[in-house]
Amino acid sequence: MKTVRLALEELFRQAVLTLEPGFSDWQRLFFQSTADEKFGDYQTNFAMAASKVFKKAPRAVAEQLVAALPENKLVDKVEIAGPGFINIFLNNGYAADLVKSSFTEKWDFSHINTDGTVVIDYSSPNIAKPMHVGHLRTTIIGDSLKRIMRFLGYQVIADNHLGDWGTQFGKLIVGWHRWLDKESFEKDPISELERIYIAFGEAAGQDPELDELARIELKKVQDGDPENLALWKKFVDITLSECKRIYEYLGIDFDTYYGESFYHPLMPDVIRELEERKIAVESEGALVVFFDEKSNIPPCIVRKKDGAFLYATSDLATIKFKHDNYKMNKAVYVTDDRQALHFRQIFTIAGLLGWDMEFVHVPFGVMSFQGEILKTRAGNTIKLKDLFREAENKGLAVVEEKNPSLPDDEKRKIAKAVGIGALKYSDLSQNRTSNIDFSWEKALSFDGNTAPYLQYSYARVQSIKRNAKEKGFEVDRSADLILESGIERSIALSILKFPEAVEKSAELYRPNFIADHIFDLAQKFSSFYNSTPILKAELPLLKSRLLLAEAVAGVIKTGLDLLGIDVVERM
Ligand code: ARG
C-alpha cells in the first residue's frame, strides 16, 4: 500500500513530465507533511527548487503543474502560496479508504534501499563486570532501531559485541586466586565475581604491582594457557547467562554474540595489512595510524609496545569480518558519545583500507537517576535487577490504583508492562544525544508524554470495544469510515502519516519521532473521545467511530512495539 507521500509523488511526476518530458531530477520532488492544517495536509517546494529547469518564475511553474495534474482521487484541492509553495488538501474518501486498507495491507517502503545486510552492534557489555544502567540505553535504543529497520524491510543482524577479552579477566584471575570465597561462589557466582572484581580495584589502589600481575594473567589467557583459558570460559559463561536472563526479561534478543574474543584470531591479519600498506607505522615501539592533519583526528595505536592489541584493533578485525562475510548495507554502532572519537578513528582506517561500507555511530548521552550518575568503577551502581524490581513495584501501584479488582496474575503482567515500558519510553522518547535524568514520577505520569499514557490510550480503545460488544456491535472493517468532523479527519491523517515518522526515525536513528507521533495521535484521540459520542452516536457514525478507534489503537500498538514496549488490554 502506497504511503500518501509516495502516491502524491507519483501523481505529480505525471504532471511534471507533461510539462518537461526529459525531467529527471526527482529528488527535488518531495512532499512535506504540514504542521498547520491551514496549509493543507502536505506541501511541496518543488516549483521553487526546480524553477530553473522550467525557465519560469516559481509561481508560474506551480500554476502550470497544478493545471497539468491528471484526474485523480487523492487530491481535493490545491493551493499555491507565497513564492510558489504547493499546498495539497487530501480527499476524505481517499484518506478513509487508505486508513481501512491499513488494517490488512503493509505499507510500501520499496523506495528505500534495503539491499544487503544491516548489522547493529548494541548492548555489548564488558562481561565479567556487572552489567549496569550504563548499558541500559544502548540495549534499549539498539533494540528499537532493530525493530524499526526490520519494519522498513531491512535485513538486520543484531550483534552483541561482548567485551569478553579485556583487562578485567586478568584482574579477575588474580582476584580468584587470592580472594575467592568458594561457598559464596557456589551460592551466587555472579555476585562473588563482582565482589572479587571490586576487591581487586581496592587492593590495586594500595599495591600497584597487582596491575602488572593482572596483565600477565591476561596475556596468558590470550596466549592460550589452558588453566587461564578455562577460568576465562567460566567467567564468560556465568556472566553471559546472567546477561541473557536480563535480555529475555526485557524482551530483547540478538542474532550473534560474537565477542571480542571471536575476532582475536583475525587481528594479526589486520595488523599485517595495515603495515604492508603503510597505513600504520612504528612509533616508539608501538604501531600507530596517523591521520591527515586536516581531519583533526588524533593518532590511533593498533598494537602496543608489548605486542598487545587494543580496542581499536579488535574493532578493525570486526569490520573486516563483516566486510568479508556479509553483503553489507550499513554497520551501525550504538554506544555512549564518549566513544565518538574511537569510531571516527576506526571508520577512517576502514576507509583507508578500502573496506567500503556505510558506517554509522549512534551516540547517546548519559542517563542519571534523580541527579545521580552511576559508574561501575566505584562499585556503587544501581543493579539492573533492583531497577527492574522497582519498575514492577511502581507499575503495580498504578494498577492497584486504577483497577484494584483485576485478578492477581493480570495485575502482575500489567505491572511489568507499565513499569518496564515507562523505563524504556523515557529513554526512547527523548532526543538520544541529550542526557536524561530519569525519575519515576515523570516516567509514570498520566498527563505527559509517557508509556503509561499511551498504554492507557490503547487500553481505553479495548474498553470501548468491550462496551460496544455488550451493545451488540463489533468492529466492522468493511464499515464506512466517515471523516465527518475536523478532529476525525485529523486523526485519520495522523494515522496515515505514521509510516513517515518511522522512516524519519530510521533515517536519523532517532526512535523519538515515533514516540512523538503516537503521543500526538493519542492526544488527538483523547480530545475526540472527550468531545464526541462514540457508542451513543447514531448508526453509521457509531460504526465509523468504532472503526477509527480501532485504527488508532493499531497505530499506537505498532508504534509501541517498534519501541519494544508492550500494550495491555486493560489498565
Ligand atoms: N564493550 C564496550 C563497552 O561496554 C562497547 C562495545 C561497542 N561496540 C564496538 N564494536 N566497539 O563500552
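Throughout, read-outs are computed from the coordinates displayed, never taken from laboratory work. Since the structure is predicted, the reported quantities are computational estimates derived from the model, not experimental observations. Cβ coordinates were reconstructed from backbone atoms using ideal geometry, including for glycine residues, and neighbour counts include every protein chain displayed.
Structure above, values below:
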| read-out | value |
| --- | --- |
| Cut-off under 5 Å, modelled amide H: who pairs with residue 366 long-range | 435, 436 |
| Relative contact order (percent, whole number), segment 58-108, Cα cutoff 8 Å, 6+ residue spacing | 31 |
| Whether segment 138-196 is rounded, prolate or oblate, judged on the alpha carbon gyration tensor where a/c under 1.5 counts as rounded | prolate |
| Degrees, to the nearest 10: 408-428 long Cα axis against longest axis of the chain | 90 |
| Fraction of the pair-distance distribution of the chain above 46 Å, Cα-Cα pairs, percent | 28 |
| Normalised contact order of segment 1-108, rounded percent, pairs of Cα under 8 Å and 6 or more residues apart | 30 |
| Helical contribution to [θ] at 222 nm, DSSP H n ≥ 4, -39,500 (n - 2.57), averaged over the chain, rounded to 500 | -17500 deg cm²/dmol |
| Radius ratio Rg over Rh of segment 477-571, counting only Cα atoms, Kirkwood formula for Rh | 1.00 |
| Cα-based shape type of segment 378-462, given that a ≥ b ≥ c are square roots of the gyration tensor eigenvalues and the cut on a/c is 1.5 | oblate |
| Simple Cβ-charge dipole of segment 181-333, Lys/Arg +1 and Asp/Glu -1, about Cα centre, in debye nearest 20 | 740 |
| Overall form of segment 114-173 per C-alpha gyration tensor (a/c, 1.5; a/b vs b/c) | oblate |
| Segment 270-375: radius of gyration and largest Cα-Cα distance (Dmax), Å | 15.5, 52 |
| Isotropically averaged projected area of segment 380-424, using the convex hull of Cα atoms (one quarter of hull area), nm² | 3.1 |
| Dipole magnitude of the chain, debye to nearest 20 (Cβ charges: Lys/Arg +1, Asp/Glu -1, about Cα centre) | 1140 |
| Degrees between helix 92-101 axis and first principal axis of the chain (Cα, 0 to 90, nearest 10) | 40 |
| Sparse-neighbourhood loop sites, trypsin sites (Lys or Arg not before Pro) in segment 106-211 - DSSP loop, at most 13 other Cβ within 10 angstrom | 106 |
| Mean separation of Cα contacts under 8 Å (6+ apart) over length of the chain, as relative contact order % | 14 |
